[in-house]
Amino acid sequence: MSSLKKISQQTFWQIIGKGVTAFSTFIILGVVARAYGEAGTGVFTLALAYLAMFFLIADFGFNAHLLRKGIGYRVQGVVEWQKLLGTRILWSGLLVILAILLLPLWPFTTPEFALTVSLGSFAILGAAMFITSNLIFQAKLSYDRSVIASSVGTLVYLALLVGLSKQGASIPWLVFVAGLGWLVIGVVSLLLVKKYVAKLAPQFDLKFSLNLIKQSWPIAATLTLNVLYFRADAFILAYLKGESQAGVYNIAYSIFQTVIVLPTFIMNSYYPLMLESLKMSKKIFIRQIKLAMLTLFGIACVGSVVTYLLAPLIIRYLTGGGFAGATESLQILSLSFPAFFLSSLGMWLLVALDKYKIMLVIYGIGLIFNLAANLIYIPQYGVYGASWVTVISEYLILGMQLMILSFWRTK
């Protein structure tokens, strides 16, 4: 099967899965926005954003590092996968505790927000199991199984949330069922891994875990910086402008996030093939990268135009009215699609080239700029300031990536 066909096939499966989750997400956001208003939506989306940060930290870059080493292609990769599962179970358990213990330290924390996060914190464990299963799905280019797991869990979450909202349940219980949905995703994904892994029992190997952390920490640090700069604006908004403004921004951002996940799908499929082409020759590798850049840039430009034009309709249909500023925020955010799509490719290129520490520096600079700009412009411009800072920050990240990659190409 050609590389393009493999990528297209696996990306198609992920798009199908995202179609299910996006449809469910829009219904969930619509239900919450109409039933709980801007403030309730703010608490709900902030809690999910807070937990999502720990989902990415649970990844810790283990998958990308092990794939680069070839785990998944060798028989002994199965044993290492079991050790990875044991590592992730322990790590995610610590993250659940950390997520709750840190709550009193954040200036935006309210009693309702703290309760909401605490009730949904076990979602981190489900996400960790799902991420671990995805190592096998990615290595074997079998994302149809990943899609099945995520779709089943998302539909369970949707059904429970709609039922609870009709009963007038409070926001914390809506996030609690989100945690149940993630547990379902994690369990189903492990069951589907059995096709490739004879034994699902996790192995707890301290030496393996410590070596893995030592080797992959720059990726983990980069992911942590990335998620902080990616979502810090929502928490700054909540602190400086209140939960209602955060709710307005998060409505727009949730739609925006649905689109920018597409390059992640493409790179999930493309990364194993990228590693193969890198082993063949630098010339073949560069040729494939150019094709990927053109493809991603074209898709991003189309996405920007379509989202910008449809933003008023999408926001009005989703919220049923109110949420002033969400339409303009989504239109501004859509201008960053080319940068987000190409920087996703750039990040995986740096991982493939073993430039972990350079990648860490790039995202560290991006985080510092993002935080400083948000603190300057959010007090005056609110959601519009947060939106423009997101756009500019991502183009800054892309520019730094291109500089490093251009230098590597000329070597």
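Quick note: the coordinates plus some simple rules give every number you see, no bench work behind them. Since the model is a prediction, treat every value here as computed from it, not as a measurement. All Cβ positions, glycine included, derive from the backbone under ideal geometry; neighbour counts span all protein chains shown.
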* **Proportion of all alpha-carbon pairs of the stretch 115-172 beyond 13 Å (%)** => 70
* Asked: Quick one: putting +1 on the C-beta of Lys and Arg, -1 on the C-beta of Asp and Glu, what dipole do you get for the chain around its Cα centre, in Debye to the nearest 20?
  -> 1660
* How large is the convex hull of the Cα atoms of the stretch 3-410 per residue, expressed in Å³ as a whole number? -> 124
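Please sort 346-352, 194-200, 122-128 by packing, taking for each peptide the average over its residues of neighbouring beta carbons within 10 angstrom, highest first. All intermediate terms of the calculation are to be shown ahead of the outcome.
Details: 346-352: 22.4, 194-200: 12.6, 122-128: 25.0.
In decreasing order of mean packing, 346-352, 194-200, 122-128 become 122-128, 346-352, 194-200.
May I ask you to derive the relative contact order of the chain, considering only C-alpha pairs under 8 Å and at least 6 residues apart, and to give it as an integer percent?
On the way: 561 pairs, mean separation 92.0, N = 411.
Relative contact order of the chain: 22 percent.
Where does the stretch 119-261 land on Rg/Rh, using Cα atoms and the Kirkwood Rh? It would help to have the intermediate numbers written out before the result.
Details: Rg = 17.9 Å, Rh = 17.6 Å.
Computed over Cα atoms, the ratio is 1.02.
Please give the calculated 222 nm ellipticity per residue for the chain, where each DSSP H segment of at least 4 residues contributes -39500 (n - 2.57) and the sum is spread over every residue; nearest 500 deg cm²/dmol?
Working: 14 runs with 356 residues, N = 411.
Helices in the chain give a 222 nm mean residue ellipticity of -31000 deg cm²/dmol.
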